[in-house]
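**Q** Take this structure first; my questions come after.
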Amino acid sequence: MSSPAINEALIRDVIEEVMGRLGGSNGSAPAPTPAPAAPAVKTGCGCHSGKHGVFETADHACEAAQAGFEQLREKGIAARKQIIDIVKTVCDDNAREWGRIELEETKIGRLDHKIEKLQIIKLVPGVEWLNPYGLSGDHGITLEEFTPFGVIAAITPSTHSIPTLAGNIVNMIAAGNAVVFNAHPAASQCAAMAIREFNKAIERETGISNIACIIEHPTLDSFNELCANDLVRLLCVTGGPAVVAAAMKSGKRAICAGPGNPPVLVDDTACMDRAASSIIQGGAYDNNLLCIGEKEIFVLDNTFSRFMSAMDRAGAVQLNTAQLDALTQAAFTIEPGQGGGCAQAHTNKDFIGKDAKVLADAAGISIPDGTQLLFAETDSDHPFVVEEQMMPFVPIVRVGGIEEGIQESLKAEHNYKHTSIIHSHDVNHMTAMARALDTTLFVKNGPCGAGLGLGGEGYLSFSIATPTGEGVTNPKTFTRVRRCIMVDNLRIY
Ligand code: NAD
């Protein structure tokens, strides 16, 4: 049996180790002992300095990020906090200019929302999410800790290039990792600019270089090189079906934030004005580029006209049948199926993320300045319902009852398991839809943003891992769970 004196000394050691790992929050913990020298990293041509995270090749970016990861590990949790503060502050300080630059490069979305998406990076959680889980029992003490992977490869979309990149950096560095980005080619220059500025500030304030890197001219080849690089321990992709499929085939573990096509169901118990204003707020946000954005609306027949009037009162503009047809012809290329029906529709990229005014011009209607969203009645198999269209237009489909509304919503969501929304005061309707669609986000009586802590409870991330199931990503998403066990008779009580 061990003596009480030995037990107390052991317990003190364990407590000191825990406090040290938590960043010395009692103010008295000793500085952590430096980790033993990491295995030698191949540094290629040695051209990492002065690059500020921006590299020509995936291999050079990965080598630099690995070196950045090792510097971060030396400097501990205090450095992670410092880097997160820097990224959030740089985003806030540059929101107007960077929002404008991203819009100029991508030509999709709205300036006010591009700016706002950078200002809200401060809502992404940090190291406070990584409290270890402790167990104490008859057999000793065990600590489960959330530890880094090392280098993560991240793929970002054109729809929110710098915000996704910044949100990923906060989450991944909070967890102690480094990251290499392959951005969307149509949004890669603004992303490279942001990486350069983040690294300059991080190098100045912490002495750590290349903790977040990027491939300056991303291609499908650089994506493949990134996936194949041995230093990359984990992938995080944010994008549509093709990149999710490619990541799943890579052989690496992948956290996939995939596509959505969020349906909204409005029943006859809902507040029509609230439903309409929520749909306009969410569906018009950044011209409907959000993966969580309201894309198609199913409304119970017995409340249909009340809902359409509420949309009108809230400032959306209704298209008649001829105007809808003109817009559909312009916004989609439709391949006719057998019997003359629509076999497949391809979205016309010229209309993605464009202002309501551009859509109205194509529809042949003049709309008041400041109109954010257009709407029209359609069938449930209309391209605007079926495709993830990302335009400031919502199709409104009449359904006979709640069961039909749920079934149509299920069909339109394509089993992406991403986001669905209901406006209702009937709890049975809410539960039935939640069970049937089983989406990662299920919002009741609010705009889609409520699902990311914007007007609802919760926290923000621009990467919502849907097919792989991690949900709204946060620092823990990017950790390995490691268990540290001390076996002895350590219990005092
Ligand atoms: P996209 O799929 O065209 O591109 C996304 C990223 O994947 C880009 O970096 C692109 O270069 C890359 N990519 C595309 N095909 C690839 C392939 N075959 N191999 C390797 N890389 C490939 O999407 P986008 O237009 O940039 O963004 C919109 C899409 O992203 C929508 O489907 C939207 O729902 C989805 N999205 C999802 C989330 C989420 O959190 N779940 C967030 C934002 C966007």
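**Q** For residue 85 paired with residue 253, estimate the spin-label separation in nm (one decimal), with each label point 7 Å from Cα along the Cα-to-Cβ line.
**A** Result: 3.1 nm between the two label points.
**Q** Hey, with R₀ at 41 Å, roughly what FRET efficiency would residue 305 and residue 415 work out to, going by the Cβ-Cβ distance, to 0.05?
**A** That pair, residue 305 with residue 415, gives E of 0.80.
**Q** Can you pull the one-decimal nm distance between simple spin-label points at residue 425 and residue 369, each 7 Å off the Cα toward Cβ?
**A** 3.9 nm
**Q** To continue, here is another question. Could you grab the relative contact order for the stretch 263-456? Cα pairs under 8 Å, six or more apart, rounded to a whole percent.
**A** Dividing the mean separation by the residue count of the stretch 263-456 yields 31 percent.
**Q** To continue, here is another question. At a 10 angstrom cut-off on C-beta neighbours, averaged per residue, how do the peptides 476-484, 183-191 rank from highest to lowest?
**A** Going from most to least packed, we get 183-191, 476-484.
**Q** How many nm is it between the label spots at residue 217 and residue 245, if each spot is 7 Å from the Cα in line with the beta carbon?
**A** 2.8 nm
**Q** Also, quick follow-up: Give me the net charge of residue 438's neighbourhood, meaning all other residues with Cβ under 10 Å from the Cβ of residue 438; Lys, Arg count +1, Asp, Glu -1.
**A** Around residue 438, the surrounding residues sum to +1.
**Q** Mind giving me the FRET efficiency for residue 128 and residue 481? R0 is 22 Å, r the Cβ-Cβ distance, nearest 0.05 is fine.
**A** 0.80
**Q** Now, a different point. If the only charges are +1 at each Lys and Arg Cβ and -1 at each Asp and Glu Cβ, what is the size of the charge dipole of the stretch 263-456 around the Cα centre, to the nearest 20 debye?
**A** 400 debye
**Q** So which of 107/200; 75/417; 349/417; 200/476; 81/349 end up more than 29 Å apart, counting from Cα to Cα?
**A** From the list (107/200; 75/417; 349/417; 200/476; 81/349), the Cα-Cα distance tops 29 Å for 75/417; 81/349.
**Q** So, one more: At a Förster radius of 56 Å, what calculated FRET efficiency corresponds to the Cβ-Cβ distance of residue 205 and residue 313, to the nearest 0.05?
**A** 0.65
**Q** For the chain, calculate the relative contact order in percent as a whole number, restricting contacts to Cα pairs under 8 Å that are 6 or more residues apart.
**A** Relative contact order of the chain: 19 percent.
**Q** A further question on this structure: Whole Å is fine, so just give me how far the alpha carbon centre of the stretch 104-143 lies from that of the stretch 333-394.
**A** That distance is 35 Å.
**Q** Rounded to the nearest 500, what is the 222 nm mean residue ellipticity of the chain from helices alone, with -39500 (n - 2.57) per DSSP H run of 4+ residues and division by all residues?
**A** -12500 deg cm²/dmol
**Q** What do you get for Rg/Rh over the stretch 386-442 if you use C-alpha atoms and the Kirkwood form of Rh?
**A** 0.95
**Q** More than 37 angstrom separation, counting every C-alpha pair in the chain; what % is that?
**A** Taking all Cα-Cα pairs of the chain, the fraction more than 37 Å apart is 35 percent.
**Q** Quick one: compute the contact order of the stretch 367-451, relative version, from alpha carbon pairs under 8 angstrom and 6+ residues apart, as a percent.
**A** 23 percent
**Q** Find the Rg to Rh ratio for the stretch 263-456, where Rh is the Kirkwood radius over alpha-carbon pairs and Rg uses the same atoms.
**A** 0.94
We did not get these values from a lab; they are worked out from the coordinates using the rules stated. Since the model is a prediction, treat every value here as computed from it, not as a measurement. Here the Cβ is made from the backbone with ideal geometry for all residues, glycine too, and neighbour counts use every protein chain on show.
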